[in-house]
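This report concerns only the one structure given below.
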Amino acid sequence: MRRAFAGLAAGAAVLAVVAAGAAGYAAGGEEPATGTPTAASADAGFARDMAVHHQQAVEMSYIVRDRTKDTEVRRLAYDIAQTQANQRGMLLGWLDLWGLPKVSADPPMTWMGMGDMPPGEDGALMPGMATNSELRELGSLSGRKAEVFYLRLMTEHHRGGVHMAEGCVQRCSVAPEKRLARGMVAAQQSEIQLMADMLKARGAQARS
């Protein structure tokens, strides 16, 4: 019951932040008076791509939560899943408020000037994303092996996420979205260090 209530509270907080961001944008606030972002803007591109990127992090976290009994890893996985699911809701909410599509015909990362990079293989559409084969492997492991593989995959995932969030900080125009991106950078860099310590405690290290 407590967890369900916490989920409802988190969802309400997300809606409140989205609404506040929209109100601030409409009223001028910190945002430039240039109108609603276009479908080709960095604001829209980041929202679309990071929503996809976050969805995979949520998926990986729920996979490992069921593959280990380790309290530390399960707590980290739960925190990542909840945080990124909530952030994904904010990003998609902004696209709705802007009246923009949630998908684009442009290649991923076009908004960062990386649309000409080689197409992602086996489901790894953007930097840091795991392949479908890696997700299947994670689901086949258990115990210490699952923990180490998850921590390695999530470290790479966070590195890619930080790169994208830094791109939004530089290119996005909507202040609430830029603030969210800055928060992502700080939080994910902190979790990268935490995961390095967790890997070390398990006699392993991140993939180079």
The percentage of the accessible area of region 87-160 (probe 1.4 Å, all protein chains present) made up of carbon and sulfur atoms, to the nearest whole number, is 53
Region 103-141 scanned against label point 7 Å out from Arg159 along Cα→C-beta; backbone N under 12 Å for 127-129
Taking a ≥ b ≥ c as the square roots of the Cα gyration tensor eigenvalues, with a/c under 1.5 meaning rounded and otherwise prolate when a/b beats b/c or oblate if not, region 89-175 comes out prolate
For 92-104, 171-183, ranked highest to lowest by mean beta-carbon neighbours within 10 Å, the order is 171-183, 92-104
Partner lysines whose C-alpha sits under 17 Å from that of Lys69, ignoring same-chain residues fewer than 8 away, are Lys145
For region 63-155 the GluC sites (Glu not before Pro) that pass both the DSSP coil test and the at-most-15 other-Cβ-within-10 Å test are Glu121
So, with points 7 Å from each Cα along the Cβ direction, the Asp116-Thr131 label distance in nm works out to 2.6
PRE zone check, label point 7 Å out along Cα-to-Cβ of Asp79, amide N under 14 Å, scope region 190-208, hits 190-199
For Lys102, counting only lysines whose alpha-carbon sits under 19 Å away and dropping same-chain residues fewer than eight positions off, the answer is Lys178
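The values are calculated or read from the model by the stated rules, or taken from the named source; none is laboratory data. Given the structure is predicted, the values throughout are model-derived calculations rather than measurements. As a convention, Cβ positions derive from the backbone with ideal geometry for all residues, glycine included, and neighbour counts pool all protein chains shown. Please note that ligands, DNA and RNA were not included when accessible areas were found on the heavy atoms of the full protein model with its side chains. Shrake-Rupley method; radii C 1.70, N 1.55, O 1.52, S 1.80 Å.
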